[in-house]
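Quick notes on the structure that follows.
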Amino acid sequence: MSMSIAPLSKEEVVPIRIREVVTQTHLGLTTKSNQSYHNVLVRDLNGVKYVRNERKEGNYIRDQPIVRNYDENVCWPEHPLNINGKIQGAIAIIRSLDEKILLVRNRKLWGLPKGARNYRTFLKLKAVTDRHYRETGDIIEHAEAHFTHDDVETSEENVCREVREETGIIIDPNSLEPFRYRNHSGSYCAYDGYYYQYPKTSEEFYSDLQQNGTDHENDELLWVSQQVLSGLLQNHRQNHRQGARIFNHVTYGYLEEYMKTHATS
């Protein structure tokens, strides 16, 4: 008797095609023709769930792997830039009632939920593109898009969207606390930081994860205690120059600041 094996879920490049793009920046208006922006989705993501890792407390892993697409030779979407020419984004430190911090793993590094701010028009075009592809298998072409200062999602909208997509947690923006970070050299960080007190324990998080789901970007979720987090940060400090990093650099800075200002004694 032969056994059927579920097909691997794969990331697919589904470009967002726009015939004319007009973007407003601090330098003025720019116009581009026939843009094809990099966009990745997993069509059958509903069949790829996070499940508990029984060998590791507070850890959630995919019940089957996602085959990743690592093509870097792409045209990235337009993102709002600040006056320093940096892509603006937001990052969240999420703490549970049992005083644990939520981490996400993308490829070989742990990080906090974060991402770049987007133009609202772009997010709508992405949603239409993805839905059309899931339903028909065809890539739609949009006539035009205008990305303006008034079209940029707020920092709070950005962090709530990213947290929802990466962790399944739905945040009330009024519950966010700004969390500032400036690295040791004093240089500017283009990510706006936020602290969020999750109104449940790390164990109760599983219900949100099952109910709301996540996107495809991360492979693992992990709640860590203050003690474990301190050890991970110490290992990162000691070994990152030898290439043995544990965190992405933005996450590392915010977590170091968190341990100085918010961690319990």
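Translational D (Stokes-Einstein, µm²/s) of the chain at 25 °C and 0.890 mPa s when Rh comes from the Kirkwood sum over C-alpha pairs?
122 µm²/s
Given region 16-132, what whole percent of its Cα pairs are spread farther than 25 Å?
42 percent
Let me have the 222 nm mean residue ellipticity of the chain computed from DSSP H runs of 4+ only, each contributing -39500 (n - 2.57), with the sum over all residues rounded to the nearest 500.
After summing the helix terms and dividing by the residues of the chain, the value is -8000 deg cm²/dmol.
Can you give the extra length, in nm with one decimal, that the chain gains between His262 and Asn34 once fully stretched, where that is 0.36 nm per residue apart less the Cα-Cα distance?
That pair, His262 and Asn34, stretches by 77.3 nm at full extension.
Scan the chain and hand back the longest stretch that contains none of the trypsin sites (Lys or Arg not before Pro) lying in DSSP loops with at most 11 other Cβ atoms within 10 Å.
Counting only loop sites that pass the neighbour cut-off, the longest clear stretch is 183-265.
Please give the contour-minus-distance gain from Asn174 to Glu203: 0.36 nm per residue of separation, less the Cα-Cα distance, rounded to one decimal in nm.
8.0 nm
When every alpha-carbon pair in region 129-265 is counted, what percent end up more than 25 Å apart?
43 percent
Can you list the GluC sites (Glu not before Pro) in region 14-68 that are in a DSSP coil and have 14 or fewer other beta carbons within 10 angstrom?
Within region 14-68, the qualifying GluC sites (Glu not before Pro) (loop, at most 14 other Cβ atoms within 10 Å) are Glu54.
Can you compute the charge dipole magnitude of the chain about its Cα centre, using +1 on each Lys and Arg Cβ and -1 on each Asp and Glu Cβ, nothing else charged? Give it in debye, rounded to the nearest 20.
My answer is approximately 800 debye.
Taking Rh as the Kirkwood radius computed over C-alpha pairs, what is the Stokes-Einstein D of region 77-133 at 20 °C in a medium of viscosity 1.002 mPa s, expressed in µm² per second?
Using the Kirkwood radius from Cα pairs, D works out to 153 µm²/s.
Quick one: longest stretch of the chain between exposed loop chymotrypsin sites (Phe, Trp or Tyr not before Pro), exposed meaning at most 16 other C-beta atoms within 10 Å and loop per DSSP?
My reading of the result: 71-187 is the longest stretch.
Each reported figure results from applying straightforward, stated rules to the coordinates on display, with no laboratory input. Just so it is clear, the model here is predicted, and its values are computed rather than measured. Methodologically, a virtual Cβ is constructed for each residue, glycine included, from the backbone with ideal geometry; neighbour enumeration extends over all protein chains shown.
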